[in-house]
Structure formats: C-alpha cells, structure tokens
1. Which loop trypsin sites (Lys or Arg not before Pro) in the range B:176-278, with loop taken from DSSP, have no more than 13 other Cβ atoms within 10 angstrom of their Cβ?
2. Output the peptides B:39-52, A:11-24, A:40-53 sorted from most to least packed, where packing is the average of other Cβ atoms within 10 Å over each peptide's residues.
3. Which semi-axes, in whole Å and largest first, does the equivalent ellipsoid of the range A:122-235 have when worked out from the alpha carbon gyration tensor as the square roots of 5 times its eigenvalues?
4. Using only the Cα atoms, what convex hull volume per residue in Å³ does the range B:64-108 have?
5. Would you mind giving the mean number of other chain beta-carbons within 10 Å of the Cβ of each residue in A:103-112, as a whole number?
6. To the nearest 20 debye, what charge dipole does the protein assembly as shown have about its Cα centre, counting +1 at the Cβ of each Lys and Arg and -1 at the Cβ of each Asp and Glu?
7. Add +1 for every Lys or Arg and -1 for every Asp or Glu among the other residues with Cβ under 14 Å from the Cβ of B:Ser206, and state the total.
8. Quick one: Karplus J couplings for the range B:212-219, per residue in order, coefficients 6.51, -1.76, 1.60, θ = phi - 60°, nearest Hz, x for Gly and Pro?
Amino acid sequence: MPSVTLMAEVIPALECRGLSSGYGEAVVIRHLDLVLRQGETLALLGKNGMGKSTLLKTVMGYLPALAGTVRLEGRTISGLPPQRIARQAVSYTPQDQALFPDLNVGDNLRLVVDDERALRTAVAHVGGYFPFIPDRLTQKAGTLSGGEQKMLLLARALISAPRVMLVDEITEGLQPSVVTRLVEVLRVEQRRLGFSLLIVEQNVRFALAVADRYAVLKQGEIADLGASADAGAETRIIDHLRL
Amino acid sequence: MQAQILDIATSAAMLYAVAAGLLVIFGVMKIINFAHGAFLTLGGYCALLTTWAGISPWLAFPVAAIVGFIIGALVERFIVRPLYQRPLDAILATWGLGIILGQVITLIFGREVQFVQSPVQGTALVLDTDYSLYRLLLVPGAILVGVALAALLHGTRLGLAARAVIMNEALARGLGIDSDRVRSLTFGLGSALAALAGALITPLSSVDPAMGVPWLVNAFMLVMVAGRSLISLMVATVVLGGAQVLVSSYASPVLGGLTIAVLAAIILRIRPQGFARD
C-alpha cells in the first residue's frame, strides 16, 4: 500500500482530461489533456489565439468546460464558479485588468489576506523583493509604473499562499531587468512555498528560464510538450511559433 | 431667509437619507431598485406599528432597518438574483415588486392616511428661528448615515469586497470574493436604508400606501446626478433639494415638486456624468 507521501506525489496539482472549451459556438480548446505536477512550473506557449488564455479561464471557471474535466489535486473543479476555485488556494493573474487601479496598493493586497496581522507579515515579506510595496501602500495601484504593477501582481499572488498559480503573460511589455527580477522571485518563492505554476508566455526565454516543462498550444491542442532543459527546446518552440 | 436655510438643510438631509440606499444598490449591483419607494413605505408602517404597540418611537428606526434588511435580502435572493444576466428585467422586476408590496400594505393597513408619534417634540431656536427640533435632528441623522456608509465601504472587509465588485466583478471573483453574497448584503443594506428613511420621514408627514412614490422619483433623479459617489450625492441633495425649497417658497409648491426632476434632466443633458468626477 503506497504511503501518504507517495500518494501526494502521484496526484497532479492540476489535471485537464479531454477538456474542450470556448466562447459560445466557437470551440477554442479541443480535447486537451494536460497535467501540472506537484511543485513544477509548466509554461504554455503559442501564438495569439491558440487557446492559452482560454485554457486558464476555463481552469478558473470563467468559461464552462464543453467537454472533459479539470481536477485540482484530485478533486473535480470544472463547473465551480471562480470564487470557489480561488478559495481552494488557486491564484489567478489574468493578462489584462489584473489589478484594481482605483484601490490603493494595500487594498489590492488586502483582498487576498484574511486579517491585518497576516497582511503586515506578508507585506514585510514581499517588501524584501519589491521594496516599493511597503513604502507605497496608500498609493493608488493605477498610478504605479507598468513594471511596479506586475511586481504588485506577483506579490498579491504570492501572499495568497497558493497551492497552484495560474499566470497569464506577466512579462508583457516589461524591461529585461524586471523580467529577471520576476524569475528570481518566482524561483525562490516556489522553493519556499512549493506551489505549482502554470504560466502562459510569449517570451520564450523567460518561459524556459522559469519552467521545468513547456507545452506549445496550436489550434487548442498540444503540439509539443517537453522539458525546458532539453537541448534544442528553444529552437523547437520558436519553430512552432513561426509556423 | 434663516427659515429657508434651515428648510434647505433639513430637506437635503431627508433626501440624502432616502437616496443613499438607492445609490448603494446602484453602485454595487448596477441596477435601479424601483421597489425602493415600497421599502420606504414599509419603514413608515414599521413606525406606525411601534406607535400602535405603544413602545418608544425611537425603536421604530432599528425595527424598520431590520425589517427592510430581511425583506431586501429575500427579494435579492429570490427575485433579483435569477435576473442578474438580464439587468433590464431585474429593474422591471423591482418595479413590479414595488406595486405588489404597495398592494399588500394596502390590504393589511387600508388606504387611509395615518400618523405616527414623533420621538422628539417641540422646537429649538436656531438662526433666530423657532424650528422643529425633530426636523433639525434629521441633519445629524443624515450625516451619521453618510459617515456610517463611508466607514462601512472604506473601513471593513465587506466594504473592500463591495468596492472590488463595483470596479471589476470578474477579477474580484477570481480573488475569491463571493460577489453573490456581496450583492445580497448590499441589496439588504439598501433596502434597510430605504425603510429607515421611511421611518425617519413619517413623524413629519403621514403614512399611506403611496407615500414612497414621490420620494422614489426624486431619489432616482438624485442618484442619476450623483453617479456612485456618496459625496456627489450629498452635493446633489443640497443643490437640488435647495432649489426645490426655493421654488416651493417663491413660486409654488406644485412647481417645487417638479424641480428636482427637471433640474436633474438639465444637468444630465449638459454634463452626462452629473456631479461625479468622471
């Protein structure tokens, strides 16, 4: 009989089986099978319109699964509304409108933390990575620079103590130095917290730097799946993106 | 002139108390609750019942607020919630509900005009004018309502959740906020404020099944002008309520009754966002 530890290792953090979804009549994701292992980072790559963001929205419950299932650590979550999925320690950072620009920095963080003491501790912790956060808690989030907004998004995701993080194109429009900082923080925090990360990316270098594995989506199906450390992974991905 | 200044202040206070609940529901749920007038009437009858029961008239206010909250939350759950995806139908449903509530009140209490006991009697000398003490007390009462609402919105987790739902409901849900619960509490709160306003007004006028109708029209126009801001609502009630008092005093009370609706229409024609900043 397998031990509890072994069982935990076998159960994926997130599992999509035969998943189809889309917008009304338009099917974007087609019979997709995808497994996010415990503690790993999986980068989803692909050209625009291939279904990367649609997949995250379906996992989060914003879009209904037309077929198939989504399981979170063995429990079926397809059919649940986003707030119930989020409360199962799933953190979702959408590509657009991911912050409340008219709320201040502190309130944007407060939304995912239950009490003030926990918030103070969390702010002190993420302030170690992003010192502007504790200094500008009362500043409206919409007035931060683009890079600072992305850092705030990552901080908000981290302080929600996620088991699974879904991140949609967090590097879009960022300076390389900021991207490097985000990679460092994600690596350190993933080691500390042990969360699993499903990240949608257009930036191949960032994706391979942060991910253990990658998957290329084409027409809502997985066209390629492999380890980021594989020799030639970057070339293969770029070839897929060109075609 | 001093008496008119006091009339403007107290009229603005009454309008603020009436419109605040409508604005809260409009802000969070993006629908106008046309049953607001019926909830106001309900509050008036709660005050009547406390008078009949012979208990302290001060108790009319919490009783009205609690009854308004409970019925409001039930209405949200069973009538408004199934229509979230069809906001126009939701608005029509609240209109129909207002009619039904009015008829039920008529069936129970009859059509006749009735009077309630005021918790405060007598007058006070203010600005060299002997003025109704109860009417004067409505000013701090309305300020208290505004401060309490601002504290709720800006000092509590529920308020933060409500503001997040107002700004971006999809994102709020993705962060674990139960927007259905926020809407339910908001509708209950807005209905409680309407009923409280009804209980506050009745000692100055009378109670009858149609008492909420003129207040609903004025509150609706004030909310259209104020947008979703409690501060803008305060400005709107002082400006438009003040105009209503002046027109009633110097022209005719009939024209005074139309003043808020006409001025609001003109303001919205010139500045579609009304008194809101954007």
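1. Working: sites: B:Arg181, B:Arg183, B:Arg228, B:Arg269, B:Arg277; in loops: B:Arg228, B:Arg277.
Sites meeting the loop and neighbour criteria: B:Arg277.
2. Details: B:39-52: 25.5, A:11-24: 17.9, A:40-53: 21.1.
Going from most to least packed, we get B:39-52, A:40-53, A:11-24.
3. In descending order, the three semi-axes are 27, 15, 13 Å.
4. Working: hull volume 3.1 nm³, N = 45.
Per-residue hull volume (Cα only) is 69 Å³.
5. Working: counts 5, 0, 0, 0, 4, 3, 0, 4, 10, 3.
Per residue, the average neighbour count from other chains is 3.
6. Details: 42 positive and 37 negative charges, 88 e Å.
Here the size comes out at about 420 debye.
7. Working: positive: B:Arg111; negative: B:Glu112, B:Asp208.
Taking every Cβ under 14 Å from that of B:Ser206, the sum is -1.
8. With the stated coefficients, the range B:212-219 comes to x, 4, x, 5, 4, 4, 5, 5 Hz.
The numbers here are math on the coordinates, done by the rules we state, and not lab data. No experiment lies behind these values; they were computed from the predicted model shown. Neighbour counts run over all protein chains shown; Cβ positions are idealised from the backbone, glycine included.
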